[in-house]
1. What does the charge dipole of the chain about its Cα centre add up to, to the nearest 20 debye, if the Cβ of each Lys and Arg holds +1 and the Cβ of each Asp and Glu holds -1?
2. What accessible area per residue comes out for the chain, rounded to a whole number of Å², with a 1.4 Å probe?
3. Looking at the chain as a GNM with Cα springs under 10 Å, which of 113, 312, 228 has the largest mean-square fluctuation?
4. Using the Karplus curve 6.51 cos²θ - 1.76 cosθ + 1.60 with θ = phi - 60°, work out ³J(HN,Hα) for each residue of the range 293-301 in order, rounded to whole Hz, and write x for Gly and Pro.
5. What would the Debye equation give as log₁₀ I(q)/I(0) for the range 108-228 at q = 0.21 Å⁻¹, counting only Cα atoms as equal point scatterers?
6. Leaving out ligands, DNA and RNA but keeping every protein chain, what accessible area does residue 296 have, in Å² rounded to the nearest 10, with a 1.4 Å probe?
7. May I ask you to evaluate 6.51 cos²θ - 1.76 cosθ + 1.60, the Karplus curve with θ = phi - 60°, for each residue of the range 13-21 and list the ³J(HN,Hα) values in order in whole Hz, giving x for glycine and proline?
8. I'm spelling it out carefully: the read-out is Rg/Rh (Cα atoms, Kirkwood Rh), the candidates are [x] 0.95; [y] 0.93; [z] 1.02, and one was derived from this structure. Which label?
Amino acid sequence: MTGSSFCSMKDYLKQTGGFAVIDGGLATEFERHGADLNDPLWSAKCLLTSPHLIHTVHLDYLEAGADIISSASYQATIQGFEAKGFSRENSESLLRKSVEIACEARNTYYDKCGTSSSMDDKILKKRPILVAASVGSYGAYLADGSEYSGVYGDSITLEKLKDFHRRRLQVLAESGADLIAFETIPNKIEAQAFAELLEEGDVKIPGWFSFNSKDGVNVVSGDSIKECISIAENCEKVVAVGINCTPPRFIEGLVLEIEKVTSKPILVYPNSGESYDADRKEWVENTGVGDEDFVSYVEKWMDAGVSLLGGCCRTTPTTIRAIHKRLVNRRSH
């Protein structure tokens, strides 16, 4: 499946038996492999220093059973690269590269499927795999933790947000991705900016909208989850809606609220539940749940109406393999 052939998440889910698995955390997985991401570019730094590692981690997730992988472009912005001294041309080239690496990993995976059915607990099965171009919020570019608060200050307007994201979306949309994953959206105004940019027609592929919450009731800025989801619901080019980078214990309640205002497929990819210290830029150890506990929620989420499941920060290929195994019995083939 390539960028031009994907248009409907509902049709895609029919091909995957009603459910699909999203990959897990990228940046925290890069760190687990030894990458130093203490940098405003965060995971996008690997585009400069270790593209081979990005390919490896994408492949790990595919072999763990992920049906959708997200490019390493969450924190990759033209403005962020330019601040590092890159030209506009080089900055756009790095954005393209993030999607190209994910597409290459998908091809590598398909090649492996041709040679073996399974090995070392790896899932090698030809199936329709989507590549999502990851787009983080304006707060992710600021690298000051504001994607976890949604507080951008009075000077940030709808038009400023649209201007900030516009070219980045165009470049990513033309790089071979199937869709754009708008992730960790912290407030209503940014959701509105993304929806308007999708509707303006320069972005030729659809997207999904995924919000984050720290109280299980509203998105992190305090905006109503229902109001945020309604913005996505009213945008034809949004093919799925949901929650990411939020503790697992909050997911079910949020999904029940989301369901009241959407007809689109619902996706969840929570973090491990660990706390992030934005000042120290590190995860607080032992504050989350292990893979077993994380996966114990999966049935509840599916019962609540979720059809796309994965993980975010601090989840690993092991988490994704466990989710894949839970889905085997639920899928209709």
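The values are calculated or read from the model by the stated rules, or taken from the named source; none is laboratory data. From a predicted model like this one, the values you see are computed outputs, not experimental measurements. Glycine gets a Cβ as well: all are built from the backbone with ideal geometry, and neighbour counts include every protein chain shown. Note: areas computed on protein heavy atoms with side chains; ligands, DNA, RNA excluded. Shrake-Rupley method; radii C 1.70, N 1.55, O 1.52, S 1.80 Å.
1. Working: 36 positive and 48 negative charges, 189 e Å.
The calculated dipole for the chain is roughly 900 debye.
2. Values: 12960 Å² over 333 residues.
Value returned for the chain: 39 Å² of accessible area per residue.
3. 113
4. The phi angles translate into 5, 4, 6, 5, 7, 4, 4, 4, 5 Hz.
5. -1.10
6. Approximately 60 Å² for this residue.
7. 5, 5, 5, 9, x, x, 9, 9, 9
8. Answer label, from the structure shown: [y].
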